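The values are calculated or read from the model by the stated rules, or taken from the named source; none is laboratory data. The structure displayed is predicted, hence computed values, not measured ones. As a convention, Cβ positions derive from the backbone with ideal geometry for all residues, glycine included, and neighbour counts pool all protein chains shown. These accessible areas exclude ligands, DNA and RNA; they are computed on the full protein's heavy atoms, side chains included. Shrake-Rupley method; radii C 1.70, N 1.55, O 1.52, S 1.80 Å.
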Amino acid sequence: MDKMSYIQNCHKNHLYKKTEKLIEHKPPRCDQGEESFSFSTRYVNLVIVTTDRFRGRSENELIETGARHEEYLKGKQSELQRISPNKIFRWCHQSRLVPHMVMVSGVPGVGKTTLMQKFVYDWVKGDLYQRFSFVFFFKFRELNRLDKVSLETMILHQYPYLEEQLENILQDPEKLLFIFDGLDESNHTMDFTSGHLCSHPKQLGHCGQIVVSLVRKSLLTGCSVLMTSRPTRLTAIDCRVFQRIVEITGFLPEERKTYFENFFSNPELSEKAFTYVKQNATLYTFCYLPSYCWIICTVLSRSFQTTSSDQQVTLLPRTVTQLFAIFVTNILSNHSLEKSDAQKILQSIGWMAQHGVMNHRIIFDERDLDSFHVDNKSKLLSSFVMESEEPVTYSFLHLTVQEFFSALVQYTDYSPEKLQNSLEEAKSYPDGRGEMFLRFLCGLSDGTTRSTLTGYLDKQAAQASRDVITWMKNFILEEQRLEESKDKKRHLLRTFFYLFETRNKALVLESLQSLRRLNLSRVHMSALDCTVLAYIMETCTHIEGLSLRECSLHPEGLERLLPGLHNLQNLSLGNNDLPNTSCTQLASVIRNNQSLKILDLSGNLLSGPHFSDLMAALSSPACRIEKLHLVDNNLPDTSCTQLASVIRNNQSLKILHLSINRLSGPHFSDLMAALSSPDCRIEELRLVDNDLPDTSCTQLASGIRNNQSLKILDLSNNLLSGPHFSDLMAALSSPACRIQELLLWDNGLSEEERKEIRKLRRHRSDMEIYY
């Protein structure tokens, strides 16, 4: 074996030792510390997609990514193409080249570092990218201590055993891969448009300058660079220098289940925990994050092993706030610290956490600990905060843990002035950084949620709760006074989340007592949004109308909404592309709501075998719907038979809109026969754009002659011109016809047919005719 091969093997052995184990914190029920697992048995696949969607975010990054992850699972984001790790450095269709500079984006806790570890681990094992002779793995957090260095000294600082052969290694850049993990944790300036670049491995420069020079190809031209970052950091830099940008969006449902199976050694416990989480939409939504899965598995591993069934009920979380409250309580109960000492730690790290949330900081150093009087010798600190190697830096287990502590400190160290300032500051950020803080703050206003932390709270925690509730009421009033806009709707939905976390139905009713109609049209509604909205609707039974037009509503979201739709009088679900299977859910709404009078289902895809379920519900004696919109649902003429049944059996239905469908055909006569039945109460019928031919005029004539209720008939944009048009005119002229408004626009009418219409107009002066 030559010397270079020997060095390469040494390098691979070094990296193997660094990557073969996946480190996790132990659950709180165990002795505190870390637990390691074989990487190959513990790693769970992540969804990686090509995207640049990190630009211009206006919401909390975890919340927004969770919502987009749902969209990705639905297959509605066609521009998001999944990519496997082994293809990251293969041909890129967007840049039309084989990329050498790749950026991997992802929110905190989604698995960026773990993916990089897998990348190195697979390379070492010979499973991935063997075209690279050497892979150099750096964490920006560790590079922060380096100031002026050369590329050589930067490499040798981490891999000193390469010193003898490093010059030779760097002679072949095409065979080198540099991995830089955590750009958002870097203290160095990263200007990828800078003209101050290094061109030689021995040239001194700032650490950031070295990294930029590698990416810009002025240093080691031909090498490859793989970098990771939170999306928030990427909005502030010019990313055009990267030839491929991918985003980790987390776990698919199957991978979430696999994670639970890996975490729990007991299959029965794993199934029980996963079933519980899946049934709770608020908990399940964030399970796209591996770190969140760890937290919830940690909590449930304790909850499901509680012997007392009564105690188990109290330990099972229902909201995200309750989840983190139980998580923290479990850890606190595992320590023998005096409660006053534990409270001091909660206060000090709480204020540090809040400073970080409001200033986009997740990395802290010794100066921060001193500034906030954090005792870094406390054993409790290591349960919530991770400590890195030299230079020593600290970060919370997860960003959401940091956000929870930033809210909790308002209750462990109450100050009315600080609380008010924090509330106003958090709501002022347009990038959503304060959103989870506010949700947690509102969630902790609930005495039951807060009770798990009894003993660690300030004696005035109840007053803090009252202050938060007062702020919420005022905030909701402000939101309701805003002018109608998409932003107002999104803000209103945001307030629903605050109310949801409180679990305070009296507060919900008081805050929303004046709300009679709720319009969230054109606001994207994730499944979690629907869960929260259902809670609001179930509580506020006085709300009469709900409009969710163009909300990208999905069957799962509709399913979650169902409990909240039973008291409405007016429901609009138009333009959501709801599939035929949704008819069963919609039928359930109709059967369970005898108050519903207006139902708009236009712009969906309801045609299919389940359409009969919807029609059966509309035909039931309990149905009180007076106005039904089924415009643009691709309904074929066979639907006419089922629609006819509705017309005959529904004595309330007066307005029926069936435009932009495909009702022309042999079964159209069934619809017209129902129109002529003595049980028909239809006053307005719209059949615009149904490709009705002139032969339909005979059937229309039959329906009109015997109908005593029809007042408005819209037949625009059809194909009624032809020899049978006169049948329609004759029926409209009959004394039995009660039509007051007739629309015949765009039917290709001949001059002779227009004369017939003018004649009809003279004969029926009480009828408005448009043609």
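Filter the range 682-699 down to the residues that are charged (D, E, K, R) and part of a loop (DSSP other than H, G, I, E, B), then identify the one that is nearest to the chain's Cα centre (by Cα).
Filtering the range 682-699 down to residues charged (D, E, K, R) leaves 683-684, 686, 689, 691, 694.
Subset that is part of a loop (DSSP other than H, G, I, E, B): 683, 689, 691, 694.
Numbers: Glu683: 43, Asp689: 37, Asp691: 40, Asp694: 49 Å.
Restricting to residues being charged (D, E, K, R) and part of a loop (DSSP other than H, G, I, E, B), the top hit is Asp689.
Restricting attention to the range 347-361, and to residues there that are of a type in the set (A, V, I, L, M) and crowded, with 21+ Cβ neighbours inside 10 Å, which single residue is farthest from Ser428 (Cα to Cα)?
Kept after step one, since they are of a type in the set (A, V, I, L, M), are these residues of the range 347-361: 349, 352-353, 357-358.
Narrowing further to those that are crowded, with 21+ Cβ neighbours inside 10 Å: 349, 352-353, 357.
Values: Ile349: 23, Met352: 20, Ala353: 18, Val357: 13 Å.
Filtering first and then ranking leaves Ile349.
What single numbered condition from (1) part of a loop (DSSP other than H, G, I, E, B); (2) touching a residue at least 24 places away in the same chain (Cβ under 8 Å); (3) over 21 Å from Lys597 (Cβ atoms) fails to hold for Ser702?
(1)
Condition test on His188, is it at pLDDT below 90, open to solvent by 70 Å² or more (accessible area, probe 1.4 Å) and closer than 26 Å to Cys239 by Cα? Give the derivation first.
Values: at pLDDT below 90: yes; open to solvent by 70 Å² or more (accessible area, probe 1.4 Å): no; closer than 26 Å to Cys239 by Cα: yes.
Taking the combined requirement at face value, the residue does not satisfy it.
Can you name every residue in the range 364-399 that is open to solvent by 10 Å² or more (accessible area, probe 1.4 Å), part of a helix (DSSP H, G or I) and touching a residue at least 60 places away in the same chain (Cβ under 8 Å)?
Ser382, Leu399
In this structure, is Asp727 charged (D, E, K, R), open to solvent by 70 Å² or more (accessible area, probe 1.4 Å) and under 15 Å from Leu692 (Cβ atoms)?
When the stated conditions are applied, Asp727 does not pass them.
How many of the residues in the range 151-169 are touching a residue at least 60 places away in the same chain (Cβ under 8 Å) and within 15 Å of His188 (Cβ to Cβ)?
Summing the residues that are touching a residue at least 60 places away in the same chain (Cβ under 8 Å) and within 15 Å of His188 (Cβ to Cβ) in the range 151-169 gives 1.
Taking Thr235 as the residue in question, decide whether it is at pLDDT below 85, open to solvent by 10 Å² or more (accessible area, probe 1.4 Å), of a type outside the set (D, E, K, R) and within 27 Å of Lys139 (Cβ to Cβ). Reasoning before the result, please.
Values: at pLDDT below 85: yes; open to solvent by 10 Å² or more (accessible area, probe 1.4 Å): yes; of a type outside the set (D, E, K, R): yes; within 27 Å of Lys139 (Cβ to Cβ): yes.
Yes: the conditions hold for Thr235.
Which pairs have Cβ atoms under 9 Å, sit 6 or more apart or on different chains, and link a residue in the range 751-771 that is under 15 Å from Ser716 (Cβ atoms) to one that is among the polar types (S, T, N, Q) and open to solvent by 90 Å² or more (accessible area, probe 1.4 Å)?
Glu768/Gln740
Being surrounded by fewer than 21 Cβ atoms within 10 Å (Cβ to Cβ) and of a type in the set (Phe, Trp, Tyr) is true for just one of Phe136, Phe132. Which residue is that? Lay out the reasoning, then the answer.
Working: Phe136 fails: surrounded by fewer than 21 Cβ atoms within 10 Å (Cβ to Cβ).
Every option except Phe132 fails the conditions.
Of all the residues that make up the range 350-363, how many are within 19 Å of Arg233 (Cβ to Cβ), in contact (Cβ under 8 Å) with a residue 12 or more places away in the chain and either assigned to a loop (DSSP other than H, G, I, E, B) or among the small types (Gly, Ala, Ser) (or both)? Write out each step before concluding.
Keep residues of the range 350-363 that are within 19 Å of Arg233 (Cβ to Cβ), which gives 355-363.
Narrowing the set further to residues that are in contact (Cβ under 8 Å) with a residue 12 or more places away in the chain leaves 355-358, 360, 362-363.
Still in the list and also either assigned to a loop (DSSP other than H, G, I, E, B) or among the small types (Gly, Ala, Ser) (or both): 356, 360, 362-363.
So the count comes out to 4.
Taking into account only those residues within the range 414-431 that are touching a residue at least 60 places away in the same chain (Cβ under 8 Å) and over 15 Å from His355 (Cα atoms), which is surrounded by the fewest Cβ atoms within 10 Å (Cβ to Cβ)?
Pro430
Inside the range 564-605, can you point out the residues that are open to solvent by 60 Å² or more (accessible area, probe 1.4 Å) and either part of a helix (DSSP H, G or I) or in contact with a Phe, Trp or Tyr (Cβ under 7 Å, 6 or more places away or on another chain) (or both)?
Thr584, Arg591
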